[in-house]
Amino acid sequence: MGCDDRALATKDGVSVRIARIEDLSHIVEIERESFPGYDHAFNYGILELWHAHNPEIFMVLENGNGPILGYCAIVPVTERLFREIVNGRVSSLSSFPRVDVLRQWRKSQYIHFEVIALRSDREFSTAIGAFYLRFAKSWAEDRAPFITASPITPVGVKLCQAYGFRKIAEERIHSHTYPIYLSSPQERA
Ligand SMILES: CC(C)(COP(=O)(O)OP(=O)(O)OC[C@H]1O[C@@H](n2cnc3c(N)ncnc32)[C@H](O)[C@@H]1OP(=O)(O)O)[C@@H](O)C(=O)NCCC(=O)NCCS
């Protein structure tokens, strides 16, 4: 078992681990079904590039039996990119400059919570969804004081609000407007 295979958290037979290269095509499938028509949706090439840059960006949920059940992307970014995000100029990993995405988690002050999504045909309990959300939230909070998110679905907005994020900007992409949220020590106090 390589270090990529270590479970970061487990509950009721499911676990979270860093994504392996063979998970990427399943991430694309879940991305397509979760965000149909979204301009900045991941494709395989984008995922492969960022996975090679820093595989720890992608954490998948699995039950050890077939393809993954879900994925999230939590991205350590430079202060310069953080400023761009909070000013509504960019919010998607698909358009982040590589130089502004850290290759390791050390010394990270800023995190962009890019996405979390589960298979739509899921048969597992909502407790598993809640477990995965809790894991992702504490993974981000344990690693950096400043966390941005740019939810593109009503569920994403609802989760940002439930988790105490504050709306601080809007990004315009073509005819769409996406809200930008921030969680900082101030919001979490
Ligand atoms: C985001 C996601 C992983 C959450 O999974 P989950 O924890 O199993 O939650 P559900 O999908 O069952 O959501 C059930 C409801 O509880 C809400 N909810 C879930 N966790 C919550 C929390 N901690 N606090 C408040 N509301 C919560 C959801 O908004 C949803 O409300 P609705 O029924 O009014 O729409 C899942 O909904 C998903 O994959 N969605 C598609 C992708 C997506 O939109 N991702 C978010 C944007 S990146």
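Laboratory data are not the source of any read-out in this text; all were calculated from the coordinates shown. All figures in this text were calculated on a predicted structure; none of them were measured in a lab. Note that we place each Cβ from the backbone using ideal geometry, even for glycine, and neighbour counts take in every protein chain shown.
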Report summary line: Magnitude of the Cβ-charge dipole (Lys and Arg +1, Asp and Glu -1) of the range 49-131 about the Cα centre, nearest 20 debye, reported as 340
**Report entry** Dipole of the chain, positive direction: furthest Cα of Gly88, Val157, Thr10, with charges on the beta-carbon
**Finding:** Gly88
Query raised in the report: So how strong a dipole does the range 3-188 carry about its Cα centre when Lys and Arg Cβ are +1 and Asp and Glu Cβ are -1, to the nearest 20 debye?
Result: 660
Query raised in the report: Could you give the length gained on full extension between Arg83 and Arg188, defined as 0.36 nm per residue of separation minus the Cα-Cα distance, in nm?
Result: 35.8 nm
Query raised in the report: What are the radius of gyration and Dmax of the range 82-189, computed over its Cα atoms and given in Å?
Result: 14.3, 40
**Report entry** Cα-based Rg and Dmax for the chain, where Dmax is the largest Cα-Cα distance (Å)
**Finding:** 15.5, 47
Report task. Kindly point out which whole DSSP H helices in the chain project their C-alpha atoms 24 angstrom or further along the helix axis while averaging a Kyte-Doolittle hydropathy of -1.0 or above. Result -> 126-143
Query raised in the report: Which lysines have a Cα less than 27 Å from the Cα of Lys167, not counting those fewer than 8 places away in the same chain?
Result: Lys107, Lys137, Lys158
